[in-house]
Amino acid sequence: MPYAPCPMPNPQFVVSPAWLFEHLEDPQVVIVDCRFSLADPQLGQQQYQTSHIEGSYYLDLNQDLSSPVGKHGGRHPLPNPNDIANKLAVIGVNYQKSLVVAYDDSRFAFAARLWWLLRYLGHEQVAVLDGGFAGWQKAGYPVTDVVPQPRLGKFVAQVQIEKVVDITEVKSRKDSQEVVLVDSRESDRYRGEREPIDKIAGHIPGAVNYPWQEVTDSSGYLLPQPEQRRRWEQLETAEEILVYCGSGVTACVNLLSLELAGISKGKLYAGGWSDWISYM
């Protein structure tokens, strides 16, 4: 018998540690550990093997949630839809039926990438774990080093192409009065005062700065919905909000914030600043 769709625990795209603990044995819930470190790409996998939420699977930013880097396309090009669909099926995700809960330990920097990717692939049943792995541990819930066995899911990607834009679209639309271009990086990177990753500092002309860290508090818990809404109130009248970061990863935290605020006009410039400067 096929699974009945698992209802979203709330309309906010987020679940609490208490809710997840109560649903650890729910066959319709698939938990994904997205921990990662840009400075040490092996760290997330090592952390997962040492300790993770029971039943969770690991998806790696570089190996699973991105495709190989090329001359253009940025540091984390979107994965091939069929490739990521196969990986999701192997961990038991059934298209539009399973509820995927993504967590990390970086204020949603990587969990939000999976959250956005699943919606881009047409799978709406996805949430992030509020407070991440640290919040789970702080609440006293159990962890394990046991890696779960593969599961048999069925995932056929239905790409929602309208959720993403490329450099050509950004160039042609960013200066329109109805369009806002949002840079999600830290303010000093936006201003070009510091650039720890990319070869050129600065930002795309015309972009406004909404740092992704402002979506959460310092412990990695989402700010309340009214605060998310206030954060974006000046952009509510825009017809389209194009969001980027360095390479299409932390920009997804802002896209999550927009949805929490009830604004569904956000689109990801997946290549981000690293793609933009590859043409300079």
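The values are calculated or read from the model by the stated rules, or taken from the named source; none is laboratory data. Since this is a predicted model, take the numbers as computed values, not measurements. Cβ: placed from backbone, ideal geometry, glycine included. Neighbour counts: every protein chain shown. For the accessible areas, the whole protein counts, side chains as well, though only heavy atoms, and no ligand, DNA or RNA atoms are used. Shrake-Rupley method; radii C 1.70, N 1.55, O 1.52, S 1.80 Å.
From zero up to wherever the largest Cα-Cα distance of region 103-187 sits, split into 10 Å bins and tell me the percent of pairs in each.
Binned Cα distances yield the sequence 13, 28, 35, 17, 7, 1.
Normalised by the residues of the chain, what does the relative contact order come to in percent, with Cα pairs under 8 Å and at least six apart?
22
Using a simple charge model, +1 on the beta-carbon of Lys and Arg, -1 on the beta-carbon of Asp and Glu, nothing else, what dipole does the chain show about its Cα centre, in debye to the nearest 20?
For this selection, approximately 420 debye.
Give the range of the longest stretch in the chain that excludes all trypsin sites (Lys or Arg not before Pro) found in loop regions by DSSP and having at most 14 other beta-carbon atoms within 10 Å.
That would be 72-153.
What part of the accessible area of region 78-120, given as a whole %, is carbon or sulfur when the probe is 1.4 angstrom?
Using a 1.4 Å probe with all protein chains present, region 78-120 comes out at 45 percent carbon and sulfur.
Quick one, can you get me the convex hull of the C-alpha atoms of the chain expressed as volume per residue in Å³?
123
Starting at the first residue of region 82-92, write each ³J(HN,Hα) from the Karplus equation 6.51 cos²θ - 1.76 cosθ + 1.60 with θ = phi - 60°, in whole Hz, x for Gly and Pro.
These are the phi-based 3J(HN,Hα) values: 5, 5, 5, 4, 5, 5, 5, 5, 5, 9, x Hz.
Hey, what did region 40-93 get for relative contact order, percent, Cα under 8 Å, at least 6 apart?
Relative contact order for region 40-93 comes out at 24 percent.
Return the Rg/Rh value of region 125-280, two decimal places, where both radii are evaluated on C-alpha atoms and Rh is the Kirkwood radius.
Rg/Rh for region 125-280 comes to 1.02.
Excluding K87 itself, calculate the net charge of residues whose Cβ lies under 11 Å from the Cβ of K87, where each Lys or Arg counts +1 and each Asp or Glu counts -1.
That works out to -3.
Which of the pairs K97/K163; K154/K174; K87/K163; K138/K163; K71/K97; K138/K267 have their Cα atoms more than 30 Å apart in this structure?
K154/K174; K138/K163; K71/K97; K138/K267
In debye to the nearest 20, how big a dipole does region 182-268 give about its Cα centre with +1 on each Lys and Arg Cβ and -1 on each Asp and Glu Cβ? Each step should come with its number before you reach the end.
Numbers: 10 positive and 14 negative charges, 22 e Å.
Its charge dipole is roughly 100 debye.
If you take every DSSP beta bridge whose two residues both sit in region 90-244, what share of them, in percent to the nearest 5, is antiparallel?
Antiparallel: roughly 10 percent of the beta bridges in region 90-244.
How many percent of DSSP beta bridges within the chain run antiparallel, rounded to 5?
Of all bridge pairs located within the chain, approximately 10 percent are antiparallel.
Note down the net charge around V15, summing +1 for each Lys or Arg and -1 for each Asp or Glu among other residues with Cβ under 12 Å from its Cβ.
Residues close to V15 contribute a combined charge of -3.
Identify, among V147, G220, A201, the residue whose Cα sits farthest towards the positive end of the charge dipole of the chain, taking +1 on the Cβ of Lys and Arg and -1 on the Cβ of Asp and Glu, with the dipole about the Cα centre.
Sorting the options by dipole projection puts first A201.
Given a 1.4 Å probe, how much area per residue of the chain is accessible, in Å²?
44
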